[in-house]
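Colleague: Can you keep this structure in mind? I'll have questions shortly.
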Amino acid sequence: MPSETTSYVETPKSLATLREEIASGKTKATALAAGYYERIAQVNPHLNAYLNLTKERALAQAERIDALAAKGDPLPALAGIPVGIKDTLVAKGAPSTAGSKILAGYEAPYDATPVARLEAAGAVLLGKLNCDEFAMGGSNENSAYGPVHNPVDLDRVPGGSSGGSAAAVAANLAVATLGSDTGGSIRQPASFCGVVGVLPTYGRVSRYGLIAFASSLDRVGPLAANVRDAATLLGVIAGYDEQDATSSLVPVADYAAESDHGVEGLRIGVPAEYFAEGLDPEVREKIEKGIEALKAAGCTVKPVSLAHTKYAVPVYYLIATAEASANLARFDGVRYGHRSPEAKTLAGLYKNSRDEGFGPEVKRRILLGTYALSAGYYDAYYRKAQQVRRILAEEFLTAFADVDAIVTPTAPTPAFKIGEKADDPLAMYLSDIYTVTASLAGICGVSVPCGKTAAGLPVGMQVLARHFGESTAFRVARAVEAAGL
Ligand code: GLN
C-alpha cells in the first residue's frame with residue numbers, strides 16, 4: 001500500500017452539495033476559494049499540479065457569486081464551484097504555456113470558449129494545470145515545468161498529458177477540471193488517479209482557445225470526482241461555437257439528468273482485442289468485475305469485434321505527428337513566446353528559437369510528422385494511415401449497430417513509476433493502445449474508476465459510445481461507479 005504520508009488523496013464535495021451550501025449561505029464562494037488556495041499552498045509543492053494561479057480573477061468571480069446568493073437570485077449551474085484548467089487552454093491575462101518553454105511568459109488576450117462557458121455558469125477559475133509539453137505524452141514527464149506526482153503515490157506518474165488536471169481532482173485541489181484529449185490524455189490520467197474523465201464526441205465542445213496539437217483529434221473535456229459532476233460540466237461547456245467551424249449543431253442534452261436513467265436493458269459490447277497480450281492481470285480482473293456489475297445492474301453483455309485495433313497506435317502516431325508538425329510551425333520566435341537572443345539572421349532566429357524552446361519529445365514528433373508528410377512518403381504513410389483510420393471508425397459503427405456501449409480497460413496498466421518509461425518512447429506510445437481508437441473514430445467515452453490493485457493503485461474502465469452518445473456512456477459509467485468496486 002502507498003504509505004499514508006505519501007498520499008494526498010481527498011475527495012471533493014459533490015457539485016450538488018456545494019451548490020446547495022452556497023445557495024443557502026452556509027458556504028460563501030469567497031471562503032470556499034480561499035480554502036482551496038490554502039490547500040493548494042500546502043499540497044501543490046508535493047504534486048506540481050498547478051503551474052500558476054489566477055487569484056484575482058477567482059476572487060472577483062467568487063464575490064459576484066456571493067452577491068447573487070445574498071440577494072437570493074437564482075444561481076447558475078456552477079455557482080462558486082472552484083475549477084482548474086489544463087495549460088493547453090488559454091485564459092485571458094493568465095500565462096498559457098501548454099507545458100512548453102517556447103511559450104514561457106505568453107499571456108493570452110482572450111478566453112478559450114470552454115473556459116468562458118465555465119465562468120459564465122458561475123465557476124471560479126483557480127488556476128492553470130501542468131501537462132506534457134503541447135499535450136504530447138502519457139505521463140506528464142514531458143512538461144518543461146517538471147513532472148506531476150500522482151496523489152495516490154508520489155513516486156508514480158499521474159498519467160498524461162492532462163496529469164495536472166487529474167491529480168488536482170484526486171487531491172481535491174479543485175472540484176473539477178478541464179483537460180484535453182487527443183489520444184487518451186483525459187481518460188488515461190483519470191484512470192491513473194482514480195477520477196472520472198470524459199472524451200466528448202469530436203465537435204461536441206469548441207476547440208477555440210485550445211492550443212492545437214492535432215486538430216482532427218483534439219478534444220476538450222471535463223475531469224471530476226464523480227460521473228454526475230463530470231456530466232454537469234460537459235453540459236456547460238458543450239455546444240456550437242461560431243469560433244470553431246468543427247463544433248457541432250447537434251443539441252446539447254441534459255447529460256447529468258440523463259445519467260440518472262439507469263442501465264436496465266442496455267447492451268454492452270466487450271471487444272476481445274482489448275483483453276489480449278500486454279494487459280496487466282490485475283487490471284483485467286478489475287474490468288471483469290466491472291462487467292459483472294453491469295450484468296447485475298440489468299445489462300446484457302456480448303462480444304464485439306474490433307479487428308483492426310492492432311493498427312491504431314501506428315495510425316495515431318502518423319496522423320497526430322503529421323498534424324502536429326503543421327500546427328507547431330507557428331512557434332517561430334517571431335509571433336509568440338521564446339525568441340532566441342543569439343540569432344543573427346531570420347533563418348537563424350527560427351532555428352535557434354525552436355531548438356531552444358521545444359523539448360525532445362516535441363522535436364521527435366515534428367520530425368516524424370514532417371517525414372510522414374514529405375513528398376514520396378505521403379502516400380506510403382500519411383494517406384495509408386487516413387485509410388486505416390476510416391476502417392477503424394467504420395468498425396466501431398458496425399459494432400454500435402448491435403450494442404449501446406463498449407467497455408474496455410482505459411489503460412493496459414495502472415500508474416507506473418516516474419522514470420520507468422521515460423527513456424523508451426515506443427513503450428510509452430504502445431500504452432496508448434486502448435484510447436487512441438476512439439480518438440481516431442471521433443466517438444465519445446468516459447473513464448470511470450473500477451476498483452484498485454492490491455497495491456492500492458486505481459484502475460479505470462473506459463466506456464465508449466457512438467457519436468453524440470454521451471448520455472449512454474454516462475449511464476453505464478454511473479452503474480460502474482455505483483457498484484463501488
Ligand atoms: N499519449 C498520447 C500522445 O502522447 C495522447 C496524448 C493526448 O491525448 N494529448 O500523443
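The values are calculated or read from the model by the stated rules, or taken from the named source; none is laboratory data. Computed from a predicted model, the values in this text were never measured in an experiment. FYI the Cβ positions are ideal-geometry reconstructions off the backbone, even for glycines, and counts take in every protein chain you see. Note: accessible area is taken over every heavy atom of the protein model, side chains too, but ligands, DNA and RNA are not part of it. Shrake-Rupley method; radii C 1.70, N 1.55, O 1.52, S 1.80 Å.
Colleague: Restricting things to Cα coordinates, could you compute the convex hull volume per residue of region 271-418 in Å³? Working shown, then result.
Modeller: Numbers: hull volume 24.2 nm³, N = 148.
Hull volume normalised by residue count: 163 Å³.
Colleague: For region 16-151, what is the percent of antiparallel DSSP beta bridges, rounded to the nearest 5? Please list the in-between numbers first.
Modeller: Values: 4 of 9 bridges.
Expressed as a percentage, antiparallel bridges in region 16-151 total about 45.
Colleague: For the cross-link pairs Lys55/Lys92; Lys13/Lys295; Lys289/Lys452; Lys101/Lys128; Lys13/Lys71, which exceed 19 Å when the distance is taken from alpha carbon to alpha carbon?
Modeller: Numbers: Lys55/Lys92 13 Å; Lys13/Lys295 29 Å; Lys289/Lys452 11 Å; Lys101/Lys128 15 Å; Lys13/Lys71 24 Å.
Beyond 19 Å between Cα atoms: Lys13/Lys295; Lys13/Lys71.
Colleague: For region 135-212 and region 37-98, compute the distance between their C-alpha centroids and round to whole Å.
Modeller: Here the two parts' Cα centres lie 17 Å apart.
Colleague: For a quick protection proxy, order the peptides 180-193, 71-84, 370-383, 134-147 by their average other-Cβ count within 10 Å, most packed first. Mind showing how you got there, number by number?
Modeller: Working: 180-193: 33.1, 71-84: 20.4, 370-383: 14.0, 134-147: 25.4.
Averaged packing, sorted descending, gives the order 180-193, 134-147, 71-84, 370-383.
Colleague: Considering only protein heavy atoms and a probe of 1.4 Å, how much of the accessible area of region 322-419 is carbon and sulfur, as a whole percent? Let's see the in-between values first.
Modeller: Numbers: 2840 of 5010 Å².
C and S fraction of accessible area: 57 percent.
Colleague: Applying a 10 Å radius around every beta-carbon, put 424-437, 201-214 in order of their mean neighbour count, most first. Present the calculation step by step, with values, prior to reporting the outcome.
Modeller: On the way: 424-437: 20.3, 201-214: 24.2.
Packing proxy ranking, top to bottom: 201-214, 424-437.
Colleague: What whole-number value in Å² describes the accessible area per residue of region 349-485 for a 1.4 Å probe?
Modeller: Details: 5480 Å² over 137 residues.
Ligands and nucleic acids excluded, the result is 40 Å² per residue.
Colleague: Can I ask one more? Assuming 0.36 nm per residue, please report the length gained on full extension of the stretch Glu292 to Ala60 beyond their Cα-Cα distance.
Modeller: 78.7 nm
Colleague: How big is the C-alpha Rg of the chain next to the rule-of-thumb value 2.2 N^0.38 Å, as a ratio? Please report the intermediate quantities before stating the final value.
Modeller: Details: Rg = 21.2 Å, N = 485, 2.2 N^0.38 = 23.1 Å.
Cα Rg divided by the expected 2.2 N^0.38 Å: 0.92.
Colleague: For region 358-461, state which GluC sites (Glu not before Pro) are in a DSSP loop and have at most 11 other beta carbons lying within 10 Å of their beta carbon.
Modeller: Here no GluC sites (Glu not before Pro) fit, given the DSSP loop and packing criteria.
Colleague: Considering only DSSP beta bridges whose two residues both sit in the chain, what percent are antiparallel, to the nearest 5? Walk me through the intermediate numbers first.
Modeller: Details: 30 of 45 bridges.
Here the antiparallel bridges make up roughly 65 percent for the chain.
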